[in-house]
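Okay, structure first, notes after.
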């Protein structure tokens, strides 16, 4: 669910530029998902519908696509994008969009799905809206909720969590080695009222991190950690990985695109364990990453890693 270069598409189909959104590793995801006509396919993170649209084109009228997303705004955009293009109404699959976490895929029937795709990246819709609080590059509320129905907000984490709990979360979910220093600075600066204020506090406590060819803003890992904590992202991913073998048919494909090491580690371990137990046949020995052209077109693709497995 990553933003990229606007574009157009032929034959009256919805163009990428129509929604300001380009899905990451699109061709690779479709290759590994191997969409067959008439099956049931799940897009566990439908976002603006970029991957889902490509799945729908391949399914045919006898197929069914089920999309999950916590974000009602994303679902509204996806609903518009996934309407049958002019002239293809009779060949378009049934599409069902569900508001909720992909942890809910376990409610689907056993061996019902021919494929399951999850793109775990933040949606460009969320990043562009400063009021959502996901970006430290703009003034916004301390929210960070993917689902506005959720009770926990970033404000509650930043301004109410105990210093020890905050430090532990920044270290666990952000893999930030300076977590205790940053947590101490946050607690001393309370009340913190905006994303820009939080980023300033973190920047004063920790220097930018340098990696080959780039410098990472000092708030990057802390914002990641708070977002993961607010949205229960790793717990939901564990639930998805646990449910996938039950809902996939024999020969069904599981394709997951992750964007940081915590996610990728969970996915890798689940697929490796499944292979050892005779549940999966691995399709990727190493994670598939974006090529140079896609990286130039869409800088966020640089951190994307795709892993895939087939249900035995």
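Every number in this text was worked out from the coordinates using simple rules, so none of it is lab data. Note that this is a predicted model, so its numbers are computed, not measured. Quick reminder, even Gly has a Cβ in these numbers, built from the backbone with ideal geometry, and neighbours come from all protein chains shown.
Descriptive notes on the structure:
- Working from label points 7 Å from Cα in the Cα-to-Cβ sense, the residue 156 to residue 181 distance is 3.1 nm.
- Labels on offer are [x] 43; [y] 47; [z] 34, and the one holding percent of Cα pairs over 27 Å apart computed from this structure is [x].
- For the range 154-185, the residues whose backbone nitrogen is under 19 Å from a point 7 Å from the Cα of residue 207, taken along Cα to Cβ, are 176-183, 185.
- Cα gyration tensor, the range 27-160 - rounded (a/c under 1.5), prolate or oblate: prolate
- Placing dummy labels 7 Å off each Cα toward the beta-carbon, the span from residue 27 to residue 277 is 3.6 nm.
- Between residue 172 and residue 141, residue separation times 0.36 nm minus the direct Cα-Cα distance comes to 8.8 nm.
- When only alpha carbons are used to place a centre, the range 159-183 and the range 217-242 end up 13 Å from one another.
- For the range 106-124, there are no residues whose amide N sits under 16 Å from a probe point set 7 Å from the Cα of residue 297 along the beta carbon direction.
- Kirkwood analysis of the range 221-270, using all unique Cα-Cα pairs, places the hydrodynamic radius at 12.0 Å.
- P(r) tail, the range 130-231: Cα-Cα pairs separated by more than 17 Å, 45% of all pairs.
- Among 140, 38, 278, residue whose mean-square fluctuation peaks in a GNM of the chain (springs only between Cα atoms under 10 Å): 278
- Fluctuation leader among 216, 256, 40 - the chain, Gaussian network, Cα springs under 10 angstrom: 216
- Cα-based shape type of the range 68-121, given that a ≥ b ≥ c are square roots of the gyration tensor eigenvalues and the cut on a/c is 1.5: oblate
- The calculated 222 nm mean residue ellipticity attributable to helices in the chain amounts to -11500 deg cm²/dmol, summing -39500 (n - 2.57) over DSSP H runs of n ≥ 4 and dividing by all residues.
- Peptide ranges 90-98, 227-235 listed from the most packed, as the mean C-beta count within 10 angstrom indicates: 227-235, 90-98
- Taken over the Cα atoms of the range 209-312, the convex hull encloses 120 Å³ per residue.
- Degrees separating the helix 163-174 axis from the principal Cα axis of the chain, which is the longest one: 40
- Residue order, fewest to most surrounding Cβ atoms within 10 angstrom, among 57, 286, 268: 286, 57, 268
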